[in-house]
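The values are calculated or read from the model by the stated rules, or taken from the named source; none is laboratory data. Keep in mind that this is a model prediction, so the values were computed, not measured. Neighbour counts run over all protein chains shown; Cβ positions are idealised from the backbone, glycine included. Surface areas here come from the heavy atoms of the whole protein model, side chains and all, with no ligands, DNA or RNA. Shrake-Rupley method; radii C 1.70, N 1.55, O 1.52, S 1.80 Å.
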Amino acid sequence: MANKHGNLSINSDNIFPVIKKWLYSDHDIFYRELISNGCDAITKLKKLDMMGEYELPAGYKPKIEIEVNPDEKTLTFTDNGLGMTADEVEEYINQIAFSGANDFLEKYKDKANDDQIIGHFGLGFYSAFMVADAVHIDTLSYQKGAQPVHWECDGGTEFDMQDGIKEEVGTKITLYLNEDCLEFANEYRAREVIEKYCSFMPTEIFLKKANAPEEYETISPEEKKDTDKVIETIIEEAKTEEKENENGEKEIVEVSPKTEKLKIVKRPVPLNDTNPLWAKTPKDCTDEEYKTFYRKVFMDYKEPLFWIHLNMDYPFNLKGILYFPKINTEYDSIEGTIKLYNNQVFVADNIKEVIPEFLMLLKGVIDCPDLPLNVSRSALQNDGFVKKISDYITKKVADKLTGMCKTDKEAYEKYWDDISPFIKFGCLKDEKFCDKMNDYILFKDINDKYLTLPEWIKPVEEEKTDGEENADAENETSDQTVENADGTPAEAPEEEPKDDRSVIYYVTDLNQQGQYIKMFKEQNMNAVILDHNIDTSFISQLERRNEKYKFMRIDADLTEALKEDVSEEELKEITDNLTEIFQKELENDKLNVKVEKLKDENISSVITLSEEGRRMQDMMKMYSMGGMGMDASMFGGDVTLTLNANHPLVTYILNNKESEHVKDFCEQLYDLAMISNQPLAPEAMTKFIARSNKIMMLLTK
């Protein structure tokens with residue numbers, strides 16, 4: 001072939017500056033592009049062999065070799081794939097594989113790095129120019145009689161091509177690194193990048209440093225391979241020791257026999273695993289393999305709770321493994337990692353268009369060859385195929401969880417506290433996922449038992465039905481017609497719509513709400529524990545989706561089961577008197593005071609906060625924590641002090657309202673009730689401690 005000098009067939013002279021600056025957000029990705037091209041070339045050559053169009057040489061071992069040379073400031077990528085002829089270099093290298101370069105420049109030259117056009121126009125090879133001042137190609141095609149080709153370009157739009165000297169089929173690409181990118185010729189940096197992008201590529205990848213001294217290892221003769229280079233044979237003489245025999249005589253005994261070892265040049269070790277666990281069928285994988293893979297890929301040495309192995313061939317090809325990690329922190333700080341691959345080539349971490357957002361909390365790998373290797377975020381957002389992948393992954397996770405609940409409830413309960421944030425977040429974010437999981441969400445009660453929503457609601461509704469029947473019977477017996485003065489039937493007053501929903505009581509803090517829990521347990525009542533900061537939003541969503549029940553915190557109201565059956569008229573005078581006393585002594589004429597006869601005579605007072613007010617308060621706290629500076633107390637809601645008429649302290653205050661100690665007792669009862677509902681403010685706590693000391697001193701007199 002005659003020497004050839006020419007211009008690359010593109011429509012703009014400044015394409016290379018654009019490639020260098022805007023083609024990829026991470027410059028180290030050129031490693032992935034060049035290694036991927038080598039893998040493709042090897043795959044194509046093996047297919048030609050299978051089709052009978054080429055015969056691989058005896059002992060052929062597909063491989064990609066990378067050599068770093070910090071002294072020469074070069075990087076070389078060598079594969080033993082199918083190589084290229086001069087015509088193919090002309091077609092695939094000299095003519096950049098996209099049309100409309102001017103449109104490309106106009107559209108992308110001002111784009112920020114978060115909206116990349118990664119490889120969208122087939123520019124993988126040219127990623128080398130992001131880091132190199134010049135690139136050389138030496139290639140020899142597999143075709144019979146093919147001549148080797150040498151090609152070089154210094155980063156402009158001109159190239160030189162001539163006959164080469166390569167003797168083995170395949171391609172060698174040499175990068176002459178620019179001064180800003182010399183880090184990529186460092187052996188350790190190269191290893192780091194290759195392991196990031198190429199840990200599971202299907203062809204073995206080897207890394208070496210130019211002019212590095214030879215390293216050696218020792219093996220036994222039976223381990224020797226034909227490819228091993230033996231340096232010397234090492235004879236290890238037999239080892240003996242002087243020992244005492246049965247007769248008490250000393251003798252020389254051989255403790256290890258004479259052995260022969262071979263010193264060989266250290267065998268190269270590939271940097272990648274060509275057969276990753278996700279590519280295998282689930283039945284061929286052991287639990288230990290899943291755990292080992294998890295530790296290796298995510299550098300997490302805490303065992304995962306369990307995992308889901310994805311394996312789908314139709315209507316698209318997708319494989320992967322999703323791990324549910326053990327959570328030790330609050331929900332806001334959980335951060336998972338989903339690694340996306342294309343035919344074992346790393347694409348990205350956590351692309352939310354492909355992975356449902358709530359599964360970003362998991363750790364896992366997903367390999368989908370039907371996705372392009374290099375994709376733009378904007379392209380994914382408008383891709384219906386990507387939405388199908390996301391929906392499939394959601395369905396598989398839901399199927400795994402519901403299946404576990406049905407067939408292995410004990411294990412499901414064991415994992416529940418750790419996986420519940422994933423499931424609740426998923427229900428908030430994905431309606432279809434919520435539909436599937438609705439009847440398999442577990443609620444832990446105050447007796448440490450786990451119940452699903454249907455299991456929880458059934459006894460509540462039965463109890464409610466019995467109560468309604470009794471109420472109806474009472475209404476029938478006491479039904480009387482009210483008449484006007486002239487004897488005509490009077491119109492019945494309009495009744496407010498009745499809330500027929502079943503009430504599910506819940507606890508957010510086992511310690512803080514301990515007094516209420518004690519009252520519930522004494523009356524054989526139950527409540528669920530919802531102590532995660534996602535639960536406020538979660539139960540609001542459940543109420544919107546299920547009209548038969550509502551959630552109320554255990555301290556939102558005093559249910560009838562906790563009170564003696566006393567008419568309001570009987571307590572009206574006591575209530576009026578105590579309201580006047582407490583409003584006066586606490587200097588708060590807005591304070592709501594109720595008086596009840598509680599079944600538990602040891603409880604003097606409790607605070608109740610309406611469910612609506614409490615949820616608003618919680619929401620304001622969240623916004624305040626987020627930096628919005630809102631005062632949660634502005635939305636304190638309907639706070640009520642309920643006094644127990646059966647308690648001696650309440651009776652004392654009622655009968656001794658002129659006593660000098662009444663003010664202290666009123667304040668103390670209020671603070672004690674408040675403590676059982678929420679922590680006291682610093683100033684209130686200081687006064688409470690001082691007052692407690694004062695009251696105890698009274699006992700000493």
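Odds and ends about this structure:
- The combined condition, being modelled with pLDDT of 85 or more, assigned to a helix (DSSP H, G or I), touching a strand residue (DSSP E or B) at 6+ places or on another chain (Cβ under 7 Å) and open to solvent by less than 10 Å² (accessible area, probe 1.4 Å), is fulfilled by Val397.
- Filter result for Glu543 (surrounded by 13 or more Cβ atoms within 10 Å (Cβ to Cβ) and of a type outside the set (Val, Ile, Thr)): yes
- Every residue from region 236-294 that is open to solvent by 90 Å² or more (accessible area, probe 1.4 Å) and under 24 Å from the mean Cα position of the chain (by Cα): Asp287, Glu288
- Scan of region 276-321 for residues that are in a loop (DSSP other than H, G, I, E, B), of a type outside the set (A, V, I, L, M) and touching a residue at least 60 places away in the same chain (Cβ under 8 Å), ordered by number: Pro276, Asp300, Pro315, Phe316
- Condition check for Arg544: under 23 Å from Glu522 (Cα atoms) and basic (Lys, Arg): no
- Total residues in region 208-239, condition among the aliphatic types (A, V, I, L, M), in contact with a Ser or Thr (Cβ under 8 Å, 6 or more places away or on another chain) and not in a loop (DSSP other than H, G, I, E, B): 2
- Taking the criterion of being among the polar types (S, T, N, Q) and either open to solvent by 20 Å² or more (accessible area, probe 1.4 Å) or within 24 Å of Gly145 (Cα to Cα) (or both), the residues of region 70-83 that qualify are Thr78, Asn80.
- Just one of the numbered conditions (1) touching a Pro at 6+ places or on another chain (Cβ under 9 Å); (2) assigned to a loop (DSSP other than H, G, I, E, B) is not true of Gly248: (1).
- Lone unmet requirement of (1) in contact (Cβ under 8 Å) with a residue 12 or more places away in the chain; (2) surrounded by 15 or more Cβ atoms within 10 Å (Cβ to Cβ); (3) outside any loop (DSSP other than H, G, I, E, B) for Gln583: (1)
- Selection status of Glu55, at negative phi, open to solvent by 30 Å² or more (accessible area, probe 1.4 Å), touching a strand residue (DSSP E or B) at 6+ places or on another chain (Cβ under 6 Å) and modelled with pLDDT of 90 or more: no
- Members of region 605-614 that are open to solvent by less than 20 Å² (accessible area, probe 1.4 Å) and either in contact with a helix residue (DSSP H, G or I) (Cβ under 8 Å, 6 or more places away or on another chain) or modelled with pLDDT of 75 or more (or both): Ser605, Val606, Ile607, Thr608, Leu609, Glu611, Gly613
- Residue check, Asp576 modelled with pLDDT of 85 or more, surrounded by fewer than 14 Cβ atoms within 10 Å (Cβ to Cβ) and more than 22 Å from Asp448 (Cβ to Cβ): yes
- Residue satisfying all of: in region 546-563; buried (at least 20 other Cβ atoms within 10 Å of the Cβ) and assigned to a loop (DSSP other than H, G, I, E, B); modelled with the highest pLDDT among these: Ile554
- Within region 654-665, residues that are among the small types (Gly, Ala, Ser) have Cβ atoms under 9 Å from residues that are surrounded by fewer than 16 Cβ atoms within 10 Å (Cβ to Cβ) in these pairs: Ser659/Tyr652, counting only partners at least 6 apart in sequence or on another chain.
- Every residue from region 631-661 that is at pLDDT below 50 and open to solvent by 70 Å² or more (accessible area, probe 1.4 Å): Asp631, Ser633, Met634, Phe635
- Those residues of region 517-531 which are farther than 15 Å from Trp456 by Cα and either without any contact (Cβ under 8 Å) to a residue 24 or more places away in the chain or in contact with an Asp or Glu (Cβ under 8 Å, 6 or more places away or on another chain) (or both), in sequence order: Lys518, Met519, Glu522, Asp531
- Total residues in region 174-201 satisfying the condition of being open to solvent by 20 Å² or more (accessible area, probe 1.4 Å), modelled with pLDDT of 90 or more, touching a strand residue (DSSP E or B) at 6+ places or on another chain (Cβ under 9 Å) and under 19 Å from Val345 (Cβ atoms): the figure is 2.
- Exclusive hit being open to solvent by less than 50 Å² (accessible area, probe 1.4 Å) and touching a strand residue (DSSP E or B) at 6+ places or on another chain (Cβ under 9 Å), set Phe298, Phe316: Phe298
- Residues of region 30-73 that turn out to be assigned to a helix (DSSP H, G or I), out of contact with any Phe, Trp or Tyr (no Cβ under 8 Å at 6 or more places or on another chain) and more than 21 Å from Val193 (Cβ to Cβ), as a count: 6
- Test for Ile205: is it at pLDDT 85 or above and either farther than 23 Å from Cys39 by Cβ or surrounded by 18 or more Cβ atoms within 10 Å (Cβ to Cβ) (or both): yes
- The set of residues in region 127-168 that are assigned to a loop (DSSP other than H, G, I, E, B) and among the polar types (S, T, N, Q) comprises Ser141, Gln143, Gln147, Thr157.
- Residues (small (Gly, Ala, Ser) and either farther than 17 Å from Thr203 by Cβ or open to solvent by less than 10 Å² (accessible area, probe 1.4 Å) (or both)) located in region 37-52: Gly38, Gly52
- Flag for Ile517 being more than 23 Å from Lys429 (Cβ to Cβ) and open to solvent by less than 10 Å² (accessible area, probe 1.4 Å): no
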